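S.K.: Can you read through this structure? Questions will come right after.
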Amino acid sequence: MRPADPRRVIAAARGWLGTPYHDQASVRGVGCDCLGLARGIWREVVGSETLPVPPYSRDWGETGTREMLADSAARVMIHIDPIDASPGAVVLFRMRAGAIVKHVGILTGPDSFIHSYERLGVIEEPLTAAWRRRIAFAFLFPRPATSSVSARRKKKS
């Protein structure tokens, strides 16, 4: 799996700026939560979503011990060390020590990221030390799969 162009990821993420926060939604300009933002960027950069997202409660990250968000991301994205995360990377945050990850952001620069935050919606803000220390996992969007028809056309050219 090869990573998607980070410039394309960042451009897609910035297209969501100003989208209101709405729990479990994923519609640019209408509403999304942090996972919905990542799902929307996936659709714009990679294509159709590959994993179903079951309904989840607002407190899902405070209950249980399984890293559901990280495990699901690892099934469809390229896992990287958080230290190696650069612009275009998806980062997963622990909102408190000892909790499972439950927040998603997209790095837009060495010190900035985009995320959907309750009451604020989709915003780009500084990746402060407080945010940076909460990063537990990092991933890259994969490059979209080239269909076999497109690949054959390129070979004929």
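Since every read-out is calculated from the coordinates, none of them should be taken as a lab result. Nothing here was measured: the structure is a model prediction, and the numbers come from that model. Every residue, glycine as well, gets a Cβ built from its backbone with ideal geometry; the counts of neighbours run over all protein chains shown.
S.K.: Helix-only mean residue ellipticity at 222 nm, the chain, DSSP H runs n ≥ 4 weighted -39,500 (n - 2.57), per residue, nearest 500. What is it?
M.R.: Value at 222 nm, helices only: -7500 deg cm²/dmol.
S.K.: Please give the peptides 101-112, 17-28 ranked by average Cβ packing (other Cβ atoms within 10 Å per residue), highest first, as a rough proxy for protection.
M.R.: Packing order, densest peptide first, comes out as 101-112, 17-28.
S.K.: I've got another one for you. How high is the relative contact order of the chain, given as a whole-number percent (alpha carbon pairs under 8 Å, six or more residues apart)?
M.R.: It rounds to 30 percent for the chain.
S.K.: To continue, here is another question. Please compute P(r) over all alpha-carbon pairs of the chain, binned at 5 Å starting from zero, and give each bin as a whole-number percent.
M.R.: 2, 9, 18, 22, 22, 14, 6, 3, 2, 1, 0, 0
S.K.: Where nothing but the Cβ of Lys and Arg (+1) and of Asp and Glu (-1) is charged, how large is the charge dipole of region 6-142 around its Cα centre, in debye to the nearest 20?
M.R.: With Lys and Arg at +1 and Asp and Glu at -1, about 60 debye.
S.K.: Would you please state which residues of region 98-114 a label at residue 53 would reach in this model, taking the label point 7 Å out along Cα→Cβ and a backbone N cut-off of under 14 Å?
M.R.: 102-106
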